[in-house]
1. Checking the condition without any contact (Cβ under 8 Å) to a residue 24 or more places away in the chain, on the phi < 0 side of the Ramachandran plot and open to solvent by 20 Å² or more (accessible area, probe 1.4 Å), which residue from I17, I83, I2, I29 passes?
2. When you scan region 125-145, do you find a residue that is under 19 Å from I17 (Cβ atoms), surrounded by fewer than 22 Cβ atoms within 10 Å (Cβ to Cβ) and not aliphatic (A, V, I, L, M), even just one?
3. Would you say P247 is in contact with a helix residue (DSSP H, G or I) (Cβ under 8 Å, 6 or more places away or on another chain) and at pLDDT 95 or above?
4. Could you run through region 60-80 and say how many residues are assigned to a loop (DSSP other than H, G, I, E, B) and of a type in the set (D, E, K, R)?
5. Quick one: in region 218-251, which of the residues that are free of Cβ contacts under 8 Å to residues at least 24 places away in the same chain and surrounded by 17 or more Cβ atoms within 10 Å (Cβ to Cβ) is nearest to H266 (Cα to Cα)?
6. If I filter region 200-208 for residues that are of a type in the set (A, V, I, L, M), in a helix (DSSP H, G or I) and in contact (Cβ under 8 Å) with a residue 12 or more places away in the chain, do I get at least one hit?
7. Among the candidates Y258, Y307, single out the residue that is of a type in the set (F, W, Y) and farther than 30 Å from G170 by Cβ.
8. Restricted to region 90-131, and to residues that are among the β-branched types (V, I, T) and in a helix (DSSP H, G or I), which residue is farthest from H162 (Cα to Cα)?
Amino acid sequence: MICKVREITADILPSIIRLRHSIHSEPEIGLGTVGTRQKVADALRNTSLEAWPSLMGGDFIAELKGRSKRVMCLRADMDALPIEERTGVPYSSTIPGAMHACGHDGHTAILVGAARVLNELREHLPVTVRFVFQPGEEVECGGKTLVNLGCCDNAEAAFALHGWPGLPTGQISSRPGALFAAAAQFSIRLTGKGCHGATPEKGVNPIPAAAWVVHRLGELHVALNALDGSVISVCSIDSGRSSNIVPDEAVIRGTTRYLDDEAGMHIERTIGEVVSEVARKFMVKAEMEYDKRYRLPVMNSTKGLEYVSKTTKHFFPSGTGRKRQDRPWCVRILHSTWRTARVQ
């Protein structure tokens, strides 16, 4: 079976590479992955996969029937990031302000490849495999919407992967329990009163207040990171456009990371307390938005991880003497769930 899988993989690999380059050159952001969906549908047209009606417009879900009604899900994300590409590769983005900078083009192509390999081996499939191509992994939380719409209904497990530049080619990595943290984004608007820089007493400058908030959040990050690994990162400060005009407002934006709901609620509450305290101290008005759409961490079950470990060791036994560069389809297994699908 291993030889057959390698033979099929080698045969389709050039077309999968072309698909990845095509997706990369025409990236789509958020939930608007209609063109990418069509590329996936076209690549799987001459297979035995049975496509679902679209649940969100930009998604593509299809099943390959096995010898039983048991269902396993394989998932890939399809959306790009709002980034201008400057790599200079021949298949660079042709869409201004959009780029596959997080590898979702590769994930999508890999899942298409997996579907085509399994299609050739369908008579051996002990279970039905459901292939879920998800839009809106970035920012939009499309996975949660797909789960709510039924993409994981009746599935025993859901598996996904993510390419990871911090690992050597050929290395597969995972662990049980929380693998990736939950996330939230915050936006803090501090409003004062603008005036001329020569007469600061006639206004209320929000910039010192913003600086103090950033300082306090930095202290909070250090304390929480040492306690449980939580993260608070200030990533943007926007205020003023002139060197001699005190602005009306300052906006601070950033993100948090945490491993459980209790820690997440504590972080949100504490940031709010810091902002309120600083606002009173500097006599500015404060407003905070706190977006918790990605409030669930990526959780691996022990049973799911054992299955992944057994499978990968079967196909990539240690001590074979093969060089890492000879394993083009090795990728990092990032998250899997067993029995219940906790998709962000």
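The values are calculated or read from the model by the stated rules, or taken from the named source; none is laboratory data. The structure presented is a predicted model; accordingly, all values stated were derived computationally and were not measured. No Cβ is skipped: glycine too gets one built from the backbone with ideal geometry, and neighbour counts run over all protein chains shown. Surface areas here come from the heavy atoms of the whole protein model, side chains and all, with no ligands, DNA or RNA. Shrake-Rupley method; radii C 1.70, N 1.55, O 1.52, S 1.80 Å.
1. I83 is the lone residue from the list that is without any contact (Cβ under 8 Å) to a residue 24 or more places away in the chain, on the phi < 0 side of the Ramachandran plot and open to solvent by 20 Å² or more (accessible area, probe 1.4 Å).
2. no
3. On the way: in contact with a helix residue (DSSP H, G or I) (Cβ under 8 Å, 6 or more places away or on another chain): yes; at pLDDT 95 or above: yes.
Yes.
4. Residues flagged as assigned to a loop (DSSP other than H, G, I, E, B) and of a type in the set (D, E, K, R) within region 60-80 amount to 5.
5. It comes out as H221.
6. Yes, that holds for at least one residue.
7. After applying the criteria, what remains is Y258.
8. Across region 90-131, the extreme among qualifying residues is V117.
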